[in-house]
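One structure is given below, encoded as structure tokens.
Read-outs: derived from the displayed coordinates by stated rules, not from any lab. Computed from a prediction, not measured in an experiment: that's the story for all the values here. Reconstructed Cβ throughout: ideal geometry from the backbone, glycine too, with neighbour counts over all protein chains shown.
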Amino acid sequence: MATHTRFARNFTPDLRRLKSWPSMKGSLWRQPYLIELTYAKNFQLVKESIPGKKLKILEVGCGTGFMSLELARMGHYVTAIDRNKDLVSLAKRTASTDPYRKTRGGLTFDIANFDRWTGRPEAYDIVLFSRVLHDMPQPERILSKARVQLKEFGRIICLEYAYNLLDRRAATWLFQIRRILEVAGWTQLPHLPEKPHVGVNKIMRENSERKQHINSYNEMRKPLVKLFDEELLSWHPYHYWDILANMRIPDKRQQKSFAALLRSIEEFLIRSGEIQPVLFRFVGTKTRR
Ligand SMILES: C[S@@+](CC[C@H](N)C(=O)[O-])C[C@H]1O[C@@H](n2cnc3c(N)ncnc32)[C@H](O)[C@@H]1O
């Protein structure tokens, strides 16, 4: 739902060189504190799932490449692919101006569609999918291909969005937040009707109609547990991303506090069992089958 964003000139999607990019209105990258609350949190989840040093890592669908860049800075040898050539050239440009490039591990960005990518069988210790598997047709085939790339006892890390798990309680909470922001004139998200039940239905409908939502939770989960030994499954806040991306509170200090508050409320609602989370982290190992 976030509006399409044009990248600012010299835009640097780098967790260690955060700055304001005011022209990137529909993007979380427009403010450092929005990145700290979103992409940086996701990277933390990935980082804590990677034991060991100097590992060979493949990232599928790396987007702007910020995660691969951080993984290389940790000393790993990273190959990152994405089918979007503009994103790959942005990732390459960012890596080329990295102040840590002399001390980091290997880092290669390639334009490639994973469907057609040949790769190197049994070459990687880790294959990472971050917010991409839900958008790839035939997840079992994709995950089988990822399995082939892994060494024996290599790990798959999937940080994924299970769109179909949005429940009415979460939609009701989102309605409250969105309507308040809309009445105040502080959001770019589409108009929601005033009547709560109509608005909540609209949120549920919008969610199921998004074209990039291809795979449901079970369509990802089933092949994951079929192909890998499950080590970890954990759930994390994610609904708030869309609100933060489209929030327009004029006072930056207020916006920053509001953004942090939203994230902590979602965390609280998840931990107390009030709403169903939609972002899951699966970590699994390849063993002989
Ligand atoms: C939502 S973005 C996620 C980017 C990044 N991994 C993150 O966590 O922010 C999904 C990315 O996957 C890429 N992608 C989707 N299908 C792909 C495929 N079959 N092969 C390679 N990249 C793909 C898209 O171009 C896009 O950059």
So what is log10(I(q)/I(0)) for region 134-289 at q = 0.21 1/Å, when the Debye sum runs over its Cα atoms only? -1.29
For Glu59, Glu209, what ranking results if the residue with the fewest other Cβ atoms within 10 Å of its Cβ goes first? Glu209, Glu59
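By counting other Cβ atoms within 10 Å of each Cβ, how are Lys202, Lys47 ranked from fewest to most? Could you put the intermediate results ahead of the total?
Numbers: Lys202 17, Lys47 12.
In increasing order of surrounding Cβ atoms, one gets Lys47, Lys202.
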Taking the DSSP beta bridges in the chain as the whole, what percent of them are antiparallel, to the nearest 5? 45
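Report the local net charge at Ile35: Lys and Arg +1, Asp and Glu -1, summed over other residues whose C-beta lies under 13 Å from its C-beta. Walk me through the numbers on the way to the answer.
On the way: positive: Arg16, Arg17, Lys19, Arg30, Lys41, Lys256, Arg263; negative: Asp14, Glu36, Glu70.
Surrounding charge for Ile35 is +4.
Got the relative contact order for the chain handy, in percent, Cα pairs under 8 Å and 6 or more residues apart?
19
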Inter-centroid distance (Cα atoms) of region 58-75 relative to region 78-143, Å: 7
Report the local net charge at Ile203: Lys and Arg +1, Asp and Glu -1, summed over other residues whose C-beta lies under 12 Å from its C-beta. +3
Placed amide H near Val78: partners under 5 Å, 5+ positions off or other chain: Ile57, Gly106, Leu107, Thr108
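For a protection proxy built on the mean count of beta-carbon atoms within 10 angstrom, sort 117-123, 9-15 highest first, please.
9-15, 117-123
Taking the square root of 5 times each eigenvalue of the Cα gyration tensor, what semi-axes in Å does the equivalent ellipsoid of the chain have, largest first?
32, 24, 16
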